[in-house]
1. Tell me, which residue of region B:30-53 that is open to solvent by less than 10 Å² (accessible area, probe 1.4 Å) and among the small types (Gly, Ala, Ser) is farthest from B:ALA89 (Cα to Cα)?
2. Looking for something within 14 Å of chain A (Cβ to nearest Cβ), under 23 Å from B:ILE44 (Cβ atoms), modelled with pLDDT of 95 or more and within 15 Å of the chain's Cα centre (by Cα) - is there at least one such residue anywhere in region B:106-115?
3. If I ask for residues that are open to solvent by less than 20 Å² (accessible area, probe 1.4 Å) and assigned to a helix (DSSP H, G or I), which ones from region A:2-19 would you list?
4. Could you check how many residues of region B:20-29 are crowded, with 23+ Cβ neighbours inside 10 Å and hydroxyl-bearing (Ser, Thr, Tyr)?
5. Surrounded by 11 or more Cβ atoms within 10 Å (Cβ to Cβ) and farther than 18 Å from B:ALA28 by Cα: is that true of B:ARG79 in this structure?
6. Cβ-Cβ under 6 Å, sequence separation 6+ or interchain: first residue in region B:52-73 and modelled with pLDDT under 80, partner not aromatic (Phe, Trp, Tyr). Which pairs?
Protein chains: 2
Amino acid sequence: MTRGAQRLLRAAGRASLTEVPLPSGRRADLMALGADGEIWIVEIKSSVEDFQADKKWSDYRAHCDKLFFAVDLTMPQERLPADAGLIVADAFGGAILRDAPLHRLAGATRRSLLLRFARIGADRLHLATDPDAGAALPCG
Amino acid sequence: MTRGAQRLLRAAGRASLTEVPLPSGRRADLMALGADGEIWIVEIKSSVEDFQADKKWSDYRAHCDKLFFAVDLTMPQERLPADAGLIVADAFGGAILRDAPLHRLAGATRRSLLLRFARIGADRLHLATDPDAGAALPCG
């Protein structure tokens, strides 16, 4: 489902990274960056239980301009919060069923997240192409 | 030599990307991003001829806080400009022989380069992990 959601983001012109550590230590399943500089977080929920166990929304929301939940077609959508966006995805692609409300980040938070995103992406790519280069850089 | 220079940058805590297109259409051999947000460009020069043919320094300088040239040990170093940094590298690593003078980018240019760097890195990583995801995003 992550793969399908990431393809959807890219079709919408947004470059994304998986498993991005937030300043709190939590990880965003997907963080995406548009040409407009907007930062989106997409949390993948594979079951109602998974969803109900997740009490971290405020943490995610504090680190993006738009927050989406991505689910598969079997998820009862009425269980999902109305104040986040809704994506339906499978392994091959997805669709945005409901856009997310915009909660614009403050400038300093945006700059800090953008730097984090940029360093994590470059560093992971470097390690993917040169596995002997060493351990991951601290990008937090 | 690119591999060695990239390992050196990483040892200095800087995440880097290869072949980064600049707004002018030219490509920086390496662009690196520190935790401090400083943007460095490293141009790899494999011969004196290669170096003398390159009249693009001002374009590189306009898109980084610090500009370095990276050469191998056979390069006569007196041919290199004194107002850029100097790196010696081979396939396995490198060393900064001379630090580069700091020409700090204006805020808007820095933000634009950071966004470009972030989107290119994430998009390349995505395509490396999911080759069927499509063509590269426009990240310029």
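The values are calculated or read from the model by the stated rules, or taken from the named source; none is laboratory data. Keep in mind that what you see is a predicted model, and the values were worked out from it rather than measured. Please note: Cβ atoms are built from the backbone with ideal geometry, for glycine as well, and neighbour counts cover all protein chains shown. Just the protein is used for accessible areas: all its heavy atoms, side chains included, with ligands, DNA and RNA removed. Shrake-Rupley method; radii C 1.70, N 1.55, O 1.52, S 1.80 Å.
1. Here the residue is B:GLY34.
2. Looking through region B:106-115, at least one residue is within 14 Å of chain A (Cβ to nearest Cβ), under 23 Å from B:ILE44 (Cβ atoms), modelled with pLDDT of 95 or more and within 15 Å of the chain's Cα centre (by Cα).
3. Start the filter on region A:2-19 by keeping residues that are open to solvent by less than 20 Å² (accessible area, probe 1.4 Å), which leaves A:4-6, A:9-10, A:15-17.
Result: A:GLY4, A:ALA5, A:GLN6, A:LEU9, A:ARG10.
4. Looking only at that region, the number is 0.
5. On the way: surrounded by 11 or more Cβ atoms within 10 Å (Cβ to Cβ): yes; farther than 18 Å from B:ALA28 by Cα: yes.
Considered against the rule, which asks whether it is surrounded by 11 or more Cβ atoms within 10 Å (Cβ to Cβ) and farther than 18 Å from B:ALA28 by Cα, B:ARG79 comes out as yes.
6. Listed pairs, sorted by first residue: B:LYS56/B:ARG26.
Residue-wise test of (1) open to solvent by less than 20 Å² (accessible area, probe 1.4 Å); (2) touching a Leu at 6+ places or on another chain (Cβ under 9 Å); (3) within 17 Å of A:LEU22 (Cα to Cα); (4) at the interface with another protein chain (Cβ under 8 Å from one of its Cβ atoms).
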position: A:LEU73; (1), (2), (3), (4): no, no, no, no
position: A:ALA84; (1), (2), (3), (4): yes, yes, no, no
position: A:ASP90; (1), (2), (3), (4): no, yes, no, no
position: A:ARG119; (1), (2), (3), (4): yes, yes, yes, yes
position: A:ALA128; (1), (2), (3), (4): no, yes, no, yes
position: A:ALA136; (1), (2), (3), (4): no, yes, yes, no
